[in-house]
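Chemist: Here it is, the structure in full.
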Amino acid sequence: MNAENNPVVGVLGLGIMGSAISANLLKGGFRVVGFDVSRERVTAFCEKGGEAAGSAREVAEKADIMISLLPSVAALDQVVAGDDGILSAGRSGLILIESSTFPIADKQRIHDLAKPSLTVIDCPLSGTGAQAVTKDLTVYASGEQAAIERCIPVFNGFARSHYHVGEFGDGSKMKFVANLLVAVHNVAAAEAFVLGMKAGLDPEMIYKVVGEGAGGSRMFSVRGPQMVAGEYEPPTMKIEVWQKDMKIISEFATNLKCPTPLLAASSSIYTAAMAQGRGAQDTASVCAVMEEMARHDRTPDLGHDSASRT
């Protein structure tokens, strides 16, 4: 523990979410050790006061509690069980807060592999990268209760709220439910904006008036400003990453024999965004996809509609 009696926190993955989470932990007085394969991300992390590590093993040698926010299952395997992974540090009593969105079976495999030296808890996060910056995240914690209780100060350091939702894997199940709604609500918001703009309404007015009424949603509120501006970079969640999340949810639902027709309908819009070369843009760019489908053009004066082409 450090001088402020906070645990030393290791952050594995300093991308959009990891960089925002580590910044808030640093602001909260935590000593934070970070690792990422991108030197640029590590440099930015150090400029905020973080301590760089050269490997996941080095993070495990210095931290008490670690958070992983990784792009793939292969990356998780390497971080935990690779030659320079967490387990190679040979320490016991460590906790890994696994917050990536992966199939539950892969997380369970890592959980079982890590025993007994490393306790892995399944803790996906609800919120975008922009919400992470302002600590507007919710943690869906699942797994060993004692480990989760030890992590509460860390959760409080980067999130607005946290819930112990059940046994290991239940956090991911809750995230799949939440992300299904995010996928649908995001496309629904875009569809509504395009309908209003093509009808001649000012998108800023749509955002203000609809957002305060029954038609508003959290995604309408969070992604609406990007849709109003027609600007989708820098992203808070990339379309190409979101494709991975949606595939996981769809396969999970299929295995349960649970139909998800609205998720399926929204999925094609995200695929169209990929086809238009928007993979690196924010998921709010589905608004641009819907505009193209509606043959709607905006004037250079963002926020005002000029004409529609038919």
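Every read-out reported here was derived from the displayed coordinates using simple, explicitly stated rules and does not represent laboratory data. The model shown is predicted, which means the values in this text are computed figures rather than measured ones. As a convention, Cβ positions derive from the backbone with ideal geometry for all residues, glycine included, and neighbour counts pool all protein chains shown.
Chemist: Compute the FRET efficiency between ALA52 and ALA199 as 1/(1 + (r/R0)^6), taking r as their Cβ-Cβ distance and R0 = 51 Å, and round to the nearest 0.05.
Modeler: Efficiency computed from Cβ-Cβ geometry: 0.45.
Chemist: Kindly provide log₁₀ I(q)/I(0) values, in the same order as q = 0.09, 0.14, 0.20 Å⁻¹, from the Debye equation applied to equal alpha-carbon scatterers of the range 9-168.
Modeler: Computed log10 I(q)/I(0) values: -0.24, -0.60, -1.36.
Chemist: Show the residues, 5+ positions off or on another chain, whose built amide H is closer than 5 Å to the amide H of HIS162.
Modeler: Correct list: VAL139.
Chemist: Around VAL11, which amide H atoms from residues at least 5 apart in sequence, or from another chain, sit under 5 Å from its own amide H, with H modelled in the peptide plane?
Modeler: VAL33, GLY34, PHE35, ILE67
Chemist: For the range 159-310, what are Rg and Dmax over the alpha carbons, in angstrom?
Modeler: 16.4, 54
Chemist: Run the simple label-point estimate for GLU40 and ALA275 please: 7 Å along Cα→C-beta, distance reported in nm.
Modeler: About 3.0 nm, to one decimal.
Chemist: In addition: Report the residues of the range 132-176 in range of a label on ARG91: point 7 Å along Cα→C-beta, backbone N strictly under 20 Å from it.
Modeler: 144, 146-158
Chemist: Report the percentage of all Cα-Cα pairs in the chain whose separation exceeds 23 Å, rounded to a whole percent.
Modeler: For the chain, the fraction of Cα-Cα distances above 23 Å is 58 percent.
Chemist: How far is the Cα center of the range 35-68 from the Cα center of the range 170-196, in Å?
Modeler: The two parts, judged by their Cα centres, are 32 Å apart.
Chemist: Separate question: Would you calculate, for the chain, the mean residue ellipticity at 222 nm contributed by helices, counting each DSSP H stretch of 4 or more residues as -39,500 (n - 2.57) and dividing by all residues, to the nearest 500?
Modeler: Taking each H run of at least 4 residues, the total per residue is -15500 deg cm²/dmol.
Chemist: Can I ask one more? Treating cross-link reach as a plain straight distance, find the lysines whose alpha-carbon is under 23 Å from the alpha-carbon of LYS62, omitting any fewer than eight places away in the same chain.
Modeler: The qualifying lysines are LYS27, LYS48, LYS115.
Chemist: Let me ask something additional. Points 7 angstrom from Cα along the Cβ direction at GLU231 and ARG295: gap in nanometres?
Modeler: In this crude label model, GLU231 to ARG295 measures out at 3.0 nm.
Chemist: Okay, moving on. Quote to one decimal, in nm, the extra length available between GLN145 and ALA74 on full extension: 0.36 nm per residue of separation minus the C-alpha distance between them.
Modeler: Gain on stretching GLN145 to ALA74: 22.8 nm.
Chemist: Kindly write out, for the range 112-121 in residue order, the coupling ³J(HN,Hα) from the Karplus curve 6.51 cos²θ - 1.76 cosθ + 1.60 (θ = phi - 60°), rounded to whole Hz, with x marking Gly and Pro.
Modeler: These are the phi-based 3J(HN,Hα) values: 6, 5, 6, 5, x, 6, 10, 9, 9, 10 Hz.
Chemist: Which far-off residues, 5 or more places away or on another chain, put their amide H under 5 Å from the one on VAL120, with H placed in the peptide plane?
Modeler: LEU96
Chemist: Where the Cα atoms of the range 242-299 are projected onto their three principal axes, how long is each span, largest first, in whole Å?
Modeler: Sorted largest first, the three principal extents are 47, 21, 15 Å.
Chemist: Based on the mean of other beta carbon atoms within 10 Å per residue, what is the order of 42-50, 100-108, most packed first?
Modeler: Highest mean packing first, the order is 100-108, 42-50.
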